[in-house]
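The values are calculated or read from the model by the stated rules, or taken from the named source; none is laboratory data. Quick caveat, the model's predicted, so the values are computed rather than measured. When we count neighbours, we look across all protein chains shown, and the Cβ atoms used for this are built from the backbone with ideal geometry, even at glycine.
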Amino acid sequence: MEGTAVQRRLIWRFGEVVAARAETARAKSLTLTVPEWPGHRAGQHVDVRLTADDGYQAERSYSIASPPEDSPKVTITVERLDDGEVSPYLVDEVRIGDRLELRGPIGGYFVWEAQMGGPLLLVGGGSGIVPLMAMIRHRKAAGSAVPTRLLYSSRSSAEVIYRDELENAARLDGGLKLIYTFTRVQPPGWTGYGRRIDVGLLGEVAWLAGDHPRAYICGPTPFVETAAAALVSLGYPDAYVKTERFGPTGGG
Amino acid sequence: MSSISRGFRGRREESGVAGRLPPGQYLERGFPVLSAGPTPHTPLDRWDFSIMGSVTQPKRWTWEEFRALPHEPVKADIHCVTKWSKLDTHWDGVSLDTLLAQVESEADYVIAFCDGGYTTNLPRDEVTGGKAWIADAYEGEPIAPEHGGPARLLVPHLYFWKSAKWVRGLRMSDEDEPGFWESLGYHNLGDPWKEQRYSGD
Amino acid sequence: MERKLDGNAAGGILHAVFPFDMTVTRATCAGCGAIGAVGALAAYIHGMGTVVRCPRCDTAMIRLAYVKGRYWLDMRGARVLQIEGEQ
């Protein structure tokens with residue numbers, strides 16, 4: 001889908017939850033149908049607003065996990081933060097049939113469309129995988145062969161979101177390479193990376209700057225800043241390193 | 001069509017503090033950080049506090065000089081315009097009465113200015129008579145940078161955006177000058193007991 | 001730590017004010033002259049409002065609050081905007 005830019009002011013509207021899927025112990029995907037959804041592009045997000053019965057409101061932003069090809073269905077993946085105000089409600093309380101107020105799609109800056117080409121470097125930390133997953137799903141749905149490397153930093157294998165889908169996709173598609181780094185607990189017999197990302201790790205994984213790659217980095221703020229600085233030091237031009245910081249702890 | 005999110009309550013908890021919470025506020029046990037910019041980190045050997053503007057003679061204190069001024073403990077309830085209130089907070093600081101006694105000024109208004117460019121405006125009689133301090137300790141410890149350290153203005157009888165973080169001085173002014181939030185739709189004074197959140201309230 | 005986000009986090013409220021995507025709009029900082037997409041600026045968003053700053057000199061380029069049904073917008077920190085034309 002071409003994904004034309006939305007040329008009117010965004011308003012709040014309601015989507016209905018039609019599916020819910022536990023991705024990990026803490027992460028859940030909610031699929032909504034949104035009437036008159038204009039379509040979106042991979043990488044964009046929605047703002048979600050909750051209203052308590054006394055009028056108290058809380059708003060948070062969530063990246064869209066589903067590719068544009070799934071429109072008008074929109075899937076968000078939410079990771080429950082222990083002291084979060086909104087995420088525990090979305091993960092533990094929301095049921096199929098509930099309505100959620102949302103505004104979107106938002107942000108044409110952090111998007112990738114197949115026609116933009118590559119090679120593509122996706123760097124995700126924790127729940128930062130969500131908008132990158134929309135890009136990977138879009139790449140597949142569009143039949144794109146753009147060479148893609150995903151560096152996914154997670155505390156452990158159990159916390160990897162979309163694990164089966166990613167590993168199947170990487171196994172079946174030689175153009176998609178999946179590199180994990182497990183920062184807290186490594187699986188038995190693991191010979192891959194077992195540390196937080198640093199310039200050395202990125203230097204081994206990233207496309208060479210001379211390949212003119214496009215890079216997208218998403219996750220907690222310190223993770224994003226480390227990765228972005230590392231890629232720039234490896235010669236990536238600023239304009240080709242797009243970042244989406246999720247804040248100090250990655251959400252709420 | 002109701003826009004209420006079934007079963008959503010947020011973080012707020014029921015409290016037994018009726019009478020201490022201004023209208024529309026809820027009790028908060030944490031201490032949320034609301035920042036409109038990067039946290040400044042001015043080294044103490046470069047920090048100073050000044051009172052200038054419409055004064056006969058400006059006055060400046062280094063950190064050592066400021067620390068040597070008479071300090072007093074302050075126990076206060078604080079109220080944020082975003083609706084959280086925190087009761088019985090403990091600070092230590094220098095009263096604005098002490099500081100303003102060291103300058104001569106007929107000015108009616110005080111504009112607090114801060115590292116990072118934040119400003120807030122106050123009528124002079126809202127910060128005198130034991131109502132305002134430059135605080136340098138919170139709960140017995142130096143104020144953490146994210147909470148405005150090394151020193152912040154403390155004016156607890158008004159919404160907490162008036163208690164400017166990273167304060168570096170006061171400009172005495174004959175004219176009122178709306179500050180950072182006052183110029184962007186928030187109330188010029190901000191009395192939580194009259195629920196003066198926004199311009200025109 | 002202050003909660004610094006990318007300008008695209010402010011994209012929702014900006015797209016409620018402007019009938020086009022501000023995150024891809026390029027803005028010139030009135031403080032230092034740096035030019036960049038709003039999506040790549042530094043955004044500070046909390047219950048009182050949204051402040052978007054130049055990543056190079058911290059000048060507040062966009063200050064935005066939603067008060068009683070009106071958006072209060074101060075963009076004195078942004079000298080020039082390059083807004084994409086309609087396709």
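Data table
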| item | result |
| --- | --- |
| Test result for B:H157, at negative phi and within 14 Å of chain C (Cβ to nearest Cβ) | no |
| Any hit, the range B:97-113, residues being touching a helix residue (DSSP H, G or I) at 6+ places or on another chain (Cβ under 8 Å), of a type in the set (D, E, K, R) and within 26 Å of B:W181 (Cβ to Cβ) | yes |
| Residue in the range B:34-44 that is nearest to the other protein chains (Cβ to nearest Cβ), counting only those that are in contact with a helix residue (DSSP H, G or I) (Cβ under 7 Å, 6 or more places away or on another chain) and surrounded by fewer than 17 Cβ atoms within 10 Å (Cβ to Cβ) | B:H41 |
| From B:G53, B:G16, residue being surrounded by fewer than 15 Cβ atoms within 10 Å (Cβ to Cβ), away from every other protein chain (no Cβ under 14 Å) and of a type outside the set (D, E, K, R) | B:G16 |
| Any hit, the range A:45-64, residues being part of a loop (DSSP other than H, G, I, E, B), within 10 Å of another protein chain (Cβ to nearest Cβ), β-branched (V, I, T) and in contact with a strand residue (DSSP E or B) (Cβ under 8 Å, 6 or more places away or on another chain) | no |
| Which listed residue, of A:R245, A:R163, is touching an Asp or Glu at 6+ places or on another chain (Cβ under 9 Å), within 14 Å of chain C (Cβ to nearest Cβ), under 13 Å from A:G126 (Cα atoms) and not small (G, A, S) | A:R245 |
| Complete set of residues in the range A:172-218 that are closer than 25 Å to A:R245 by Cβ and without any contact (Cβ under 8 Å) to a residue 12 or more places away in the chain | A:G200, A:E204 |
| Every residue from the range A:14-43 that is closer than 18 Å to B:S5 by Cα, surrounded by 20 or more Cβ atoms within 10 Å (Cβ to Cβ) and of a type in the set (A, V, I, L, M) | A:L30, A:L32, A:V34 |
| Number of the condition not met by C:G69 [criteria: (1) within 12 Å of the chain's Cα centre (by Cα); (2) within 20 Å of B:W181 (Cα to Cα); (3) of a type in the set (G, A, S)] | (1) |
| Test: residue in the range A:211-233 that is on the phi > 0 side of the Ramachandran plot and within 9 Å of another protein chain (Cβ to nearest Cβ) | no |
| Selection count where residues are modelled with pLDDT of 95 or more, under 30 Å from B:R11 (Cα atoms) and within 14 Å of chain C (Cβ to nearest Cβ), scope the range A:98-126 | 6 |
| All positions within the range C:35-49 that are of a type in the set (A, V, I, L, M, F, W, C) and farther than 18 Å from A:G107 by Cα | C:I35, C:M48 |
| Subset of the range B:143-195 [over 14 Å from the mean Cα position of the chain (by Cα), free of Cβ contacts under 8 Å to residues at least 60 places away in the same chain and buried (at least 19 other Cβ atoms within 10 Å of the Cβ)] | B:L184, B:G185, B:H187 |
| Count of the range B:93-118 residues which are within 14 Å of chain C (Cβ to nearest Cβ) and not in a strand (DSSP E or B) | 4 |
| Residue within the range A:76-97 that is away from chain C (no Cβ under 13 Å), touching a residue at least 40 places away in the same chain (Cβ under 8 Å), of a type in the set (S, T, N, Q) and buried (at least 24 other Cβ atoms within 10 Å of the Cβ) present | yes |
| Tabulated pairs, the range C:54-72, first facing chain B (nearest Cβ under 10 Å), second of a type in the set (S, T, N, Q), C-beta under 6 angstrom, 6+ apart or interchain | C:L64/C:T50 |
| Which listed residue, of A:L151, A:L121, is crowded, with 24+ Cβ neighbours inside 10 Å, in contact with a Phe, Trp or Tyr (Cβ under 7 Å, 6 or more places away or on another chain) and under 25 Å from A:V232 (Cα atoms) | A:L121 |
| Qualifying residue in the range C:10-30 (condition: among the polar types (S, T, N, Q), touching a residue at least 40 places away in the same chain (Cβ under 8 Å) and under 19 Å from A:L102 (Cα atoms)) | no |
| Which listed residue is away from chain C (no Cβ under 14 Å), modelled with pLDDT of 95 or more and within 30 Å of A:A169 (Cα to Cα), from A:P131, A:P67 | A:P67 |
| Given (1) without any contact (Cβ under 8 Å) to a residue 40 or more places away in the chain; (2) within 30 Å of A:R60 (Cβ to Cβ); (3) surrounded by fewer than 15 Cβ atoms within 10 Å (Cβ to Cβ), index of the condition B:R29 fails | (1) |
| Some residue of the range A:17-32 being at pLDDT 95 or above, touching a helix residue (DSSP H, G or I) at 6+ places or on another chain (Cβ under 8 Å) and within 14 Å of chain C (Cβ to nearest Cβ) | no |
| Test for B:D125: is it at positive phi and outside any loop (DSSP other than H, G, I, E, B) | no |
| Strands (runs of 3 or more DSSP E) completely within the range B:12-92 that count 3 or more residues being modelled with pLDDT of 95 or more and of a type in the set (A, V, I, L, M, F, W, C) | B:48-53, B:72-79 |
